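**Student:** One structure follows; several queries about it will come next.
Nothing in this text is a laboratory measurement; each read-out follows from the coordinates by a stated rule. The structure presented is a predicted model; accordingly, all values stated were derived computationally and were not measured. All Cβ positions, even for glycine, are placed from backbone atoms using ideal geometry, and neighbour counts span all protein chains on display.
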Amino acid sequence: MNHMSSQKVREILIFYRPGTADREDPEVAKAPGFINHDTALSRWFVKHSALCEAFGNKFGQIPVPPLQSKFYVTPGRFRV
């Protein structure tokens, strides 16, 4: 296994979101090997993952208002 600093692993994992396809990213896929050998990094990752999950759950609870008939959204565009 190549050496990677704890800081570099954090920089890679800071954008990781549990339960998404992020785990398939080649750089993210290398991270568990480093996490398993660094206790401080492992604790940080557990906290980071829990925080991401908590935010995701809260965002999922926000009701989405129905679109008014004069507004519609298409991918990449918003029109009035």
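**Student:** Run the quick spin-label model on Ala40 and Arg23: label points 7 Å from Cα toward the beta carbon, then report their separation in nm to one decimal.
**Tutor:** Output for this residue pair reads 2.8 nm.
**Student:** For the stretch 1-53, which chymotrypsin sites (Phe, Trp or Tyr not before Pro) are in a loop by DSSP, counting at most 13 other Cβ atoms within 10 Å?
**Tutor:** Listed in order of number, the matching sites are Phe15.
**Student:** By count of other Cβ within 10 Å, fewest leading, how are Ile62, Ile35 ordered?
**Tutor:** Going from sparsest to densest Cβ surroundings: Ile62, Ile35.
**Student:** If you don't mind, another one. Express in nm, to one decimal, how much length is gained between Arg10 and Ala50 on full extension, taking 0.36 nm for each residue of separation and deducting their alpha carbon distance.
**Tutor:** 12.9 nm
**Student:** Run the reach check for Lys30 against aspartates and glutamates, Cα to Cα strictly under 18 Å, same-chain hits fewer than 8 apart removed. What comes back?
**Tutor:** Those aspartates and glutamates meeting the cut-off are Glu11, Asp22, Asp38.
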